[in-house]
């Protein structure tokens, strides 16, 4: 039986370190996904085949610029309510299908739906989507249930976000759930939001 282990990261480098540690623990690329806000243009669209696997012709454009060998199929796409993201893996492929119209409800619904379909609590899925909207990076891994604690430990020690505390912080600002009709955050808004959590366990 498989379980989906998920972590939200404020810092992209923490997320990529978590991915590398998951891979180092023997979890395959095909079982790991990463979806990261790209409002700062960190990754640029390129004309290469790096997005071939995850994109499968369904809306992910190849990404270049420091992505290295993180995951097979790393590419760039736009998610309603979030804006540009760099993404790879099974979750990204689901979202890409949504962008192409293969999944009803749009790309954000595709991400939330993919998470909930694989066992993630719906309330948590909305916080994860909102976290990406606000500049974060989401890392998910499908693992055997016997390895779930190990995978969670990897994500936690890579400085994952305390999800209940972050939900409380969002709700304190009047947030109730992710809305794909929302205007994507600008980099300035992301920076301001990040400043709220500096040196805090949120």
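The values are calculated or read from the model by the stated rules, or taken from the named source; none is laboratory data. Note that the coordinates shown come from a computational prediction; the quantities given were computed from them, not determined experimentally. Glycine gets a Cβ as well: all are built from the backbone with ideal geometry, and neighbour counts include every protein chain shown.
Quick notes on this one:
- Long-range neighbours under 6 Å by Cβ, at least six apart or interchain, first residue at negative phi and modelled with pLDDT of 80 or more within region 76-98, second in a strand (DSSP E or B) and surrounded by fewer than 20 Cβ atoms within 10 Å (Cβ to Cβ): 84/78
- Region 148-168: number of residues that are over 12 Å from residue 7 (Cβ atoms) and crowded, with 18+ Cβ neighbours inside 10 Å: 1
- Residue, surrounded by the fewest Cβ atoms within 10 Å (Cβ to Cβ), within region 22-42, restricted to residues that are modelled with pLDDT of 90 or more, more than 15 Å from the chain's Cα centre (by Cα) and not in a helix (DSSP H, G or I): 26
- All positions within region 169-185 that are surrounded by 12 or more Cβ atoms within 10 Å (Cβ to Cβ) and either touching a residue at least 40 places away in the same chain (Cβ under 8 Å) or under 14 Å from residue 80 (Cα atoms) (or both): 170, 175, 177, 178, 179, 180, 182, 184, 185
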